[in-house]
Amino acid sequence: MKLVGTIPAGRVWDVVDHLSRQGVRVVAPTLVDGLCQFAPVTGAHQVVKDYLLPQNTFKEFLFPKQERVFTWLRRDDGSYVVTEPPRDFPETVILGGRPCDAAAIGVSLKSVFSASASDRWEHADPLFLERFERTTVVCISCDRPDLSCFCTTMGLGPDDPTGSDVLITASGPDGDLVVEVFSPKGERFVERIRPLLITGQSESLLREQRLAAGQEARGRFVRVFDIGQVKAFLDNPENFDDELFQRLGTKCVSCGVCTFECPTCHCFDFKDLGDTTGGERIKVWDSCQFPAFTVHATGHQPRPTQWERYRNRFLCKFKIYEDVFETLGCTGCGRCVRDCPVHVDITSYAMQSHARQVTLLQLKA
Amino acid sequence: MTGIGMSSSALTSAHTRVSAASLYVPKPVRVRKIIRETHDVCTFQLEFVDPVHAAAFTYRTGQFGEFSVFGVGEATFNISSSPNWKGYFECCFRKIGLVTGAMARLKEGDVIGFRGPYGNSYDLDAMHGRDLIFAAGGIGFPPIRCLVWRVLEEREKFGSVVIVHGARSHRDLIYQREMAEWSKRRDIHMIKTVDPGGDPEGWDGEVGFVPTVLEERVPWVLEREGKGPANAMAFTCGPPVMTKFVIQALTRMGIGLEQIVLTLENKMKCAVGKCGRCNIGSTYVCLEGPIFNAAQVRAMPDDQ
């Protein structure tokens with residue numbers, strides 16, 4: 001980590017104009033259809049400056065909602081030409097990302113689409129990884145979590161740099177923005193915006209003010225449970241049939257919002273557009289909350305009811321991700337809590353699993 | 001997790017390297033021959049259109065692939081031929097969905113797409129010297145048929161071979177020609193059975209479900225010719241309800257869970273551990289399977 005200086009309060013979004021002039025695509029919180037969302041912007045005036053979390057994550061700029069995988073064309077002799085589109089992805093800066101999304105996308109989602117770190121598999125998805133190489137994640141620390149946030153519970157925090165190339169934190173009496181760099185991509189970003197940086201201040205004072213700002217924000221979280229206890233509960237196969245899954249999940253309406261807004265959800269499907277003579281196959285987001293997701297061609301359905309499908313989502317976040325992809329499956333952004341139309345709350349699952357585990361331990365003692 | 005029937009290195013070396021650039025992109029393969037097994041089951045013999053692809057292609061017994069009809073979609077099938085057969089490979093499918101429906105309408109010479117091979121494979125070495133039971137019904141048979149052929153290629157290395165092949169009716173029995181051949185061999189016990197009501201006049205096989213017939217017929221073979229249940233290994237594939245009863249029958253015969261090998265048929269899309277569809281608890285069937293022993297399957301949550 002390197003603390004490189006500050007940007008004066010109120011000037012951070014000038015970065016947008018600065019980078020756009022240099023031909024860099026900038027993705028920042030902006031209004032789309034009346035909602036604050038991550039989308040490409042070209043000027044500071046387009047940015048929503050007073051925001052906590054955009055409704056979408058910036059995942060879609062690395063793992064698009066739909067993208068072409070290849071095209072086919074049938075020749076007259078019945079043979080096919082199969083062509084992959086060029087992977088000429090634009091250099092992109094995500095500006096104003098939040099630490100929960102940075103950890104989720106830059107570490108967790110990346111581990112899914114990479115070859116396995118522990119040699120369990122070698123398959124790497126170039127569509128994600130080549131975009132990732134060309135994307136710089138510049139996060140702004142949160143100063144005011146809302147009631148749905150729980151990143152601290154997941155071992156992260158409103159000023160945690162995991163997954164960020166650059167982290168910017170409003171600090172000190174004037175709210176100046178302290179800029180810290182965590183990667184070579186971050187270094188290149190700083191070079192691009194150097195004219196906006198103020199340097200030469202006392203590094204120890206800035207560091208102190210920046211830590212204090214993070215500390216203050218950390219004190220404002222309310223959804224607290226122990227992920228170690230949750231994992232221990234889920235690791236016990238006997239608990240797979242615990243009544244809590246059915247009780248909490250029956251009301252789920254299978255809309256899939258939680259999965260589409262989730263920064264770590266990675267499930268996708270392939271669809272063919274066109275016909276046998278010519279067309280394209282696209283990779284599209286999918287959701288484990290849909291019955292068709294797992295149903296076999298024979299009609300056999302491994303997860304016949306909706307609460308079983310939500311149980312899979314909960315397990316994926318708090319157990320499967322860790323077991324298979326060796327990273328956090330949830331970073332506590334809280335979108336699935338905030339935006340569920342029927343208030344299915346993954347932290348309720350976690351808190352009740354935690355409570356169950358503690359009770360089970362007490363009963364054993 | 002390692003048990004008999006599953007290669008101990010399954011997690012590290014079982015996965016074929018797929019070059020990053022073509023992770024989801026199929027290679028064109030030509031339908032060399034179509035064998036209409038039944039009214040709704042076909043075998044395709046396939047060969048790569050590009051000789052470079054053909055030369056580079058190898059697979060192990062029990063691996064699977066993704067088969068594409070361009071413009072319709074992709075479906076997952078086991079590669080049902082023996083890896084020792086040169087110049088082509090096979091898949092076998094029942095016409096049941098969009099892709100298989102489109103495949104059933106194809107003609108010899110048509111071109112489809114193929115990605116693979118994927119997944120782990122049967123551990124032939126662990127089977128040497130043992131009595132082998134193959135039990136599957138309907139379209140569950142192709143994923144163990146590749147292994148039957150592989151065993152027959154080195155028949156002397158194995159003990160008794162019993163095959164229980166079931167179908168809903170005599171009209172649904174696949175691989176009739178090779179089964180007839182196997183029936184004539186003295187070193188194979190070939191038992192074919194159809195569900196009650198599926199037997200026509202003059203039917204010369206058994207009548208009953210695969211698990212029942214298995215339990216009635218196989219212990220006798222193991223006692224008389226084999227070295228008893230402790231030396232046997234069983235291979236099965238089919239819908240979860242059938243495999244459950246097959247495992248129960250085998251268990252009653254004294255065959256341990258680690259001696260029973262299943263190949264799972266979960267729904268898949270990517271086949272490379274990304275699309276999130278085939279997992280049973282923390283087990284990704286595409287990466288760690290599709291071949292597991294029954295002890296491993298029993299340890300998985302009831303999410304199957």
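The values are calculated or read from the model by the stated rules, or taken from the named source; none is laboratory data. In this text, all values refer to a predicted model and were calculated from it rather than measured experimentally. Backbone-built Cβ (ideal geometry, glycine too); neighbour counts: all protein chains shown.
The set of residues from the stretch B:206-239 being surrounded by 17 or more Cβ atoms within 10 Å (Cβ to Cβ), part of a loop (DSSP other than H, G, I, E, B) and either within 14 Å of chain A (Cβ to nearest Cβ) or within 22 Å of the chain's Cα centre (by Cα) (or both) comprises B:GLY208, B:PHE209, B:GLY238. A Cβ distance below 7 Å, combined with a sequence gap of six or more or placement on separate chains, defines the contacts here; from the stretch A:195-211, residues that are aliphatic (A, V, I, L, M) reach residues that are modelled with pLDDT under 90 and part of a strand (DSSP E or B) in the pairs A:LEU197/A:VAL4; A:LEU206/A:LEU3. The residue pairs whose first member lies in the stretch B:30-50 and is closer than 23 Å to B:PHE70 by Cβ, whose second member is assigned to a loop (DSSP other than H, G, I, E, B) and among the aliphatic types (A, V, I, L, M), and whose beta carbons are closer than 7 Å, counting only pairs six or more residues apart or on different chains, are B:ARG30/B:VAL49; B:VAL31/B:LEU106; B:VAL41/B:ILE174.
Tell me the residue from A:PHE260, A:PHE318 that is in contact with a strand residue (DSSP E or B) (Cβ under 7 Å, 6 or more places away or on another chain) and closer than 26 Å to A:ASP146 by Cα, please.
Working: A:PHE318 fails: in contact with a strand residue (DSSP E or B) (Cβ under 7 Å, 6 or more places away or on another chain).
Only one candidate passes the filter, namely A:PHE260.
Of all residues in the stretch A:253-282, those being more than 17 Å from A:LEU53 (Cβ to Cβ) and among the polar types (S, T, N, Q) number 3.
Just to be sure, is B:LYS244 within 14 Å of another protein chain (Cβ to nearest Cβ), among the charged types (D, E, K, R), surrounded by fewer than 22 Cβ atoms within 10 Å (Cβ to Cβ) and free of Cβ contacts under 8 Å to residues at least 24 places away in the same chain? It is true that B:LYS244 is within 14 Å of another protein chain (Cβ to nearest Cβ), among the charged types (D, E, K, R), surrounded by fewer than 22 Cβ atoms within 10 Å (Cβ to Cβ) and free of Cβ contacts under 8 Å to residues at least 24 places away in the same chain.
Could you tell me how many of the residues in the stretch A:300-321 are part of a loop (DSSP other than H, G, I, E, B) and more than 9 Å from chain B (Cβ to nearest Cβ)? If you could, list the steps in order and put the result at the bottom.
Just the residues of the stretch A:300-321 that are part of a loop (DSSP other than H, G, I, E, B), to begin with: A:300-305.
Cutting the leftovers down to more than 9 Å from chain B (Cβ to nearest Cβ) gives us A:301, A:304-305.
Counting residues in the stretch A:300-321 that are part of a loop (DSSP other than H, G, I, E, B) and more than 9 Å from chain B (Cβ to nearest Cβ) gives 3.
Quick check: is even one residue across the stretch A:236-247 within 14 Å of another protein chain (Cβ to nearest Cβ), surrounded by 19 or more Cβ atoms within 10 Å (Cβ to Cβ) and modelled with pLDDT of 90 or more? Yes: the stretch A:236-247 contains one or more residues that are within 14 Å of another protein chain (Cβ to nearest Cβ), surrounded by 19 or more Cβ atoms within 10 Å (Cβ to Cβ) and modelled with pLDDT of 90 or more. Within the stretch A:259-279, residues that are facing chain B (nearest Cβ under 10 Å) sit with their Cβ atoms under 8 Å from residues that are hydroxyl-bearing (Ser, Thr, Tyr) and crowded, with 24+ Cβ neighbours inside 10 Å, at 6+ positions apart or across chains, in these pairs: A:PHE270/B:TYR24. Checked against (1) over 19 Å from the mean Cα position of the chain (by Cα); (2) assigned to a helix (DSSP H, G or I), B:TYR24 meets all criteria but (2). For the stretch A:285-299, residues that are surrounded by fewer than 18 Cβ atoms within 10 Å (Cβ to Cβ), outside any loop (DSSP other than H, G, I, E, B) and more than 10 Å from chain B (Cβ to nearest Cβ) total 1. Counting only strands (runs of 3 or more DSSP E) that sit wholly inside the stretch A:11-128, those with at least 2 residues that are more than 14 Å from chain B (Cβ to nearest Cβ) are A:25-32, A:35-41, A:92-97.
Which residue out of B:VAL29, B:VAL41 is within 14 Å of chain A (Cβ to nearest Cβ), under 27 Å from B:LEU124 (Cβ atoms), touching a Leu at 6+ places or on another chain (Cβ under 6 Å) and of a type outside the set (Ser, Thr, Tyr)? Only one candidate qualifies: B:VAL29. Of the residues making up the stretch B:247-302, those that are charged (D, E, K, R), closer than 26 Å to B:CYS92 by Cβ and assigned to a loop (DSSP other than H, G, I, E, B) are B:GLU265, B:LYS267, B:LYS269, B:ARG277. Taking the conditions (1) at pLDDT 95 or above; (2) under 17 Å from the mean Cα position of the chain (by Cα) in turn, A:GLU180 satisfies each one other than (2).
One line per residue, one yes/no per condition, for (1) among the aliphatic types (A, V, I, L, M); (2) within 22 Å of A:PRO90 (Cα to Cα):
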site: A:LYS2; (1), (2): no, no
site: A:THR6; (1), (2): no, no
site: A:VAL12; (1), (2): yes, no
site: A:VAL15; (1), (2): yes, yes
site: A:VAL27; (1), (2): yes, yes
site: A:LEU52; (1), (2): yes, no
site: A:GLU67; (1), (2): no, yes
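For the stretch A:348-365, does any single residue satisfy the condition of being in contact with a helix residue (DSSP H, G or I) (Cβ under 7 Å, 6 or more places away or on another chain) and either in the same structural domain as A:ARG98 (by TED's automatic domain parsing) or part of a loop (DSSP other than H, G, I, E, B) (or both)?
Narrowing the stretch A:348-365 to residues in contact with a helix residue (DSSP H, G or I) (Cβ under 7 Å, 6 or more places away or on another chain): A:348-350, A:352-354, A:356-358.
Now restrict to residues that are either in the same structural domain as A:ARG98 (by TED's automatic domain parsing) or part of a loop (DSSP other than H, G, I, E, B) (or both): none.
No, there is no match, as no residue in the stretch A:348-365 is in contact with a helix residue (DSSP H, G or I) (Cβ under 7 Å, 6 or more places away or on another chain) and either in the same structural domain as A:ARG98 (by TED's automatic domain parsing) or part of a loop (DSSP other than H, G, I, E, B) (or both).
Would you confirm, using the coordinates I've provided, whether A:VAL324 is within 13 Å of chain B (Cβ to nearest Cβ), surrounded by 16 or more Cβ atoms within 10 Å (Cβ to Cβ) and assigned to a helix (DSSP H, G or I)? It would help to see each step written out before you state the result.
Numbers: within 13 Å of chain B (Cβ to nearest Cβ): yes; surrounded by 16 or more Cβ atoms within 10 Å (Cβ to Cβ): yes; assigned to a helix (DSSP H, G or I): yes.
When the stated conditions are applied, A:VAL324 passes them.
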